[in-house]
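Worksheet for the structure shown next.
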Amino acid sequence: QVQLVESGGGLVQPGGSLRLSCAASGSMFRFVVMDWYRQAPGKQRELVATITKSGNINYADSVKGRFTISRDNAKNTMYLQMNSLKPEDTAIYYCHVPWGGYEYWGQGTQVTVSS
């Protein structure tokens, strides 16, 4: 079993920054891939960023140059640093881990970008 708990969401003005955290139960060393997804109202959930155990990283085109994904295996925590936020970044952000043949999701954290 894997439990994922996101935190760090909130209301921010356009151009502002937020840092999301995803705390995982147990050791993160076992997770080859970890992701951040987001789901805006009325839209499908979309992949935002992926980081592998070996450090390979990929971003959605919409967030490249603005978002940075990282993981600290010693702290069992994954992060998403979000800069230059836009209203279209408004969504619920989810931490995701595929492991042991299952898909694990956090409960999500709301990010609202508005003036």
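Note on TRP105: accessible area approximately 100 square angstrom, rounded to 10, probe 1.4 Å, nucleic acids and ligands left out.
If ASP61, ASP35 are ordered by their accessible area, calculated over protein heavy atoms with a 1.4 Å probe, which sequence runs from highest to lowest?
On the way: ASP61 125, ASP35 10 Å².
Largest accessible area first, the residues go ASP61, ASP35.
Note on LYS53: lysines with a C-alpha under 16 Å away, same-chain residues under 8 apart excluded, are LYS75. For ALA60 and TYR102, a Förster radius of 22 Å and the Cβ-Cβ distance give a FRET efficiency of 0.40, rounded to the nearest 0.05. In the chain, Cα pairs under 8 Å separated by at least six residues give a relative contact order of 37 percent. Could you please report the charge total around ILE69, scoring K, R as +1 and D, E as -1 over all other residues with beta-carbon less than 14 angstrom from its beta-carbon? Once positives and negatives cancel, what remains is +3. Magnitude of the charge dipole for the chain, about its Cα centre and with charges confined to Cβ atoms of Lys, Arg (+1) and Asp, Glu (-1), is about 160 debye. Sort out for me the Cα centre separation of the range 18-56 from the range 63-115, rounded to whole Å. What the calculation gives is 6 Å, centre to centre. Over all other residues within a Cβ to Cβ distance under 9 Å of MET82, the charged ones net out to +1, with Lys and Arg as +1 and Asp and Glu as -1.
Computed over neighbours whose Cβ is under 12 Å from that of GLY15, the net charge equals +1, Lys and Arg +1, Asp and Glu -1.
The values are calculated or read from the model by the stated rules, or taken from the named source; none is laboratory data. Everything quoted here is computed from the prediction, not taken from an experiment. For neighbour counting, all protein chains shown are included, and Cβ atoms are generated from backbone atoms with ideal geometry for every residue, glycine included. Heads up: the accessible areas ignore ligands, DNA and RNA and are worked out on the full protein's heavy atoms, side chains in. Shrake-Rupley method; radii C 1.70, N 1.55, O 1.52, S 1.80 Å.
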